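A short write-up of the structure that comes next.
What follows is calculated from the coordinates using simple rules that are stated; it is not laboratory data. Fair warning: this is a prediction, and the values are worked out from it, not measured in the lab. Cβ atoms come from the backbone with ideal geometry, glycine included; neighbour counts cover every protein chain shown.
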Amino acid sequence: MPLASLTCELEPAFRENGWRETGEVSSILLLHSEANGDFIMSSALIREIKRKYPKAFVTLLVPENSRELAEKSPYVNEVKVRCDSYSFENWQDYVAAFLEELPKILAHRYSLGFTWNEARGANDKLWLYLAGVRERVGYGPYVFEGAEMKPEAKLWYDMLTLAVPRNRGEVLRDSEKALRLLEALTGKTVEDRSLEVWTDEEDEKTATAVLRSLRVRGYRQIYALMPGVSEERRRWPVDRWARLSEAILAREPRTAIVILGGPREQRIAHWLEEELNKNFRGRVVSVAGRLTFRGTAALLKRCQKYLGNDTGAVHLSVAQKVPVLVAYAYPLDLKLYSVSMPVRFAPWGVPAVQVFPKEHRDDCHDIDGPGCSRKDEAHCILGISVETMLYAYEALNMQIAKGAQKPIRFC
């Protein structure tokens, strides 16, 4: 059935059965569709929705990889794993997967729904509509001067009752984009824009135990180092992290380093641990592959700085109020847009330094992502030298001294 026919068939049925009748907001459906880092960027919106509607029953649908973080949120009543954690070739297959979950979703008769991620934006709009949600809030299309939207594209946005317009040239990070939806709905500015991450007692105990050996030896400053990342183009070389760490440890005798990472980072983390302990024995510990994502969040809360690549651990650090020094693959001679990763995921609310290569290499021009186009290799990011990172580290110390709350760019 074509999309237009689907809405024409369902809308009269929704109205006849009372699904469109106005009233108080008694239940809310929130759709998150991206990775853990993106989920943390949405934490302020989730909190503020519950503050605005404290009596509403809130359901949060997330991909499997975000369930660990979502299930500890004090702002939701129910967490469900999305049935569409995998990509579909067409929207009909998406609908088929959704229909398996539809009876449980429809039982809540949701008053209000939000979708804020862009990766599956069209699918989420369809999801909110098929779920019968009365008020459906999300982003509309990007606004281009003089451009007209194709009729088939307009159908997706017509599924929302409030489609907030976007401007491609506007530089706005993801957490702000999410909060703007609530502000557009209520007409009021959200005052508390801080990010959160939620842990439990077991996570906190594990983090304390992991760091005990360093604390017993009297190290007052513990820095988290993240040499891993999901894409090779965003990986600053591990030997350069080693040289940067050696310089820091030599300058700061009461400082220790804990190396973060998942199971696939264990090999490089082990090498880095052994390399650094040759000259700084007992001052570097790898926990790669030993902690859950929440356990990593609890550990970061006990650290004084984060040093690493542009990955989800940056957002964990920001949520835990930890200053960050981050290496990016985005060359600064390319223009930054609202969809560029250093903008979308910029670390605000803590002292932060974003380090970039000065220029792009070869034909790299991925302005809708990390900047560098060579996905499977470290390429543009090689333009960041160890000396540049050392200067950036000193800049971070100055940002900390000033109590800065927004990032500075360094190259």
In sequence order, what are the phi-derived ³J(HN,Hα) couplings for region 305-317 according to the Karplus relation 6.51 cos²θ - 1.76 cosθ + 1.60 with θ = phi - 60°, rounded to whole Hz, with x for glycine and proline? 8, 10, 10, x, 7, 7, 8, x, 5, 4, 6, 4, 4
Can you tell me which of SER73, SER26, SER194 moves the most in a GNM of the chain? Springs connect C-alpha atoms under 10 Å apart. SER26
Could you tell me the relative contact order of region 1-78? Use alpha-carbon pairs under 8 Å, at least six residues apart, and round to a whole percent. 32 percent
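Relative contact order (percent) for the chain, with alpha-carbon contacts under 8 angstrom and 6 or more residues of separation?
So the answer I get is 14 percent.
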Going through the cross-link list LYS335/LYS406; LYS375/LYS406; LYS188/LYS335; LYS52/LYS72, which pairs have a Cα-Cα distance over 25 Å in this structure? LYS375/LYS406; LYS188/LYS335
Using alpha-carbon positions, the gyration tensor of region 359-411 gives root eigenvalues a ≥ b ≥ c; with a/c under 1.5 called rounded, otherwise prolate if a/b exceeds b/c, else oblate, the class is prolate
Report the label-to-label distance for TRP271 and GLU16 in nanometres (one decimal), using points 7 Å from each Cα along the Cα→Cβ vector. 6.7 nm
The correct pair for the chain, radius of gyration to one decimal and Dmax as a whole number, both in Å and from Cα atoms, is 22.8, 75
Arrange the following residues from fewest to most other Cβ atoms within 10 Å of their Cβ: LYS104, LYS125. LYS104, LYS125
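Ordered by packing density, taken as the mean number of other Cβ atoms within 10 Å over each peptide's residues, highest first, how do 290-298, 332-340, 305-313 rank? List each step's numbers first, then the result.
Working: 290-298: 22.0, 332-340: 16.6, 305-313: 25.4.
Ranking, from highest mean packing down: 305-313, 290-298, 332-340.
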Amide H of CYS411: which non-local residues (sequence gap of 5 or more, or other chain) have their own amide H closer than 5 Å, using H built in the peptide plane? PHE356
Relative contact order of region 201-410, please, whole-number percent, based on alpha carbon pairs below 8 angstrom and at least 6 residues apart. 22 percent
Straight-line reach from LYS104: which lysines have Cα under 17 Å away, leaving out those fewer than 8 places along the same chain? LYS80
Proxy exposure order for ARG361, ARG281, ARG180 (fewest C-beta within 10 Å first) is ARG281, ARG361, ARG180
How about LYS321: which aspartates and glutamates have a C-alpha closer than 15 Å to its C-alpha, ignoring those fewer than 8 places off in the same chain? ASP192, GLU196
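Please arrange ILE268, ILE257, ILE408 by counting, for each residue, the other beta carbons lying within 10 Å of its beta carbon, fewest first. Let's see the in-between values first.
Values: ILE268 20, ILE257 27, ILE408 15.
Ranked by crowding around the Cβ, least crowded first: ILE408, ILE268, ILE257.
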Take the alpha-carbon positions of region 280-370, form their convex hull, and give its projected area averaged over all directions (one quarter of the hull surface) in nm². 7.6 nm²
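For region 201-410, how big is the tail of P(r) above 23 Å, as a whole percent of Cα pairs?
42 percent
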Under 13 Å by backbone N from the virtual spin label 7 Å along Cα-to-Cβ at GLN221, the residues of region 367-411 are 393-401
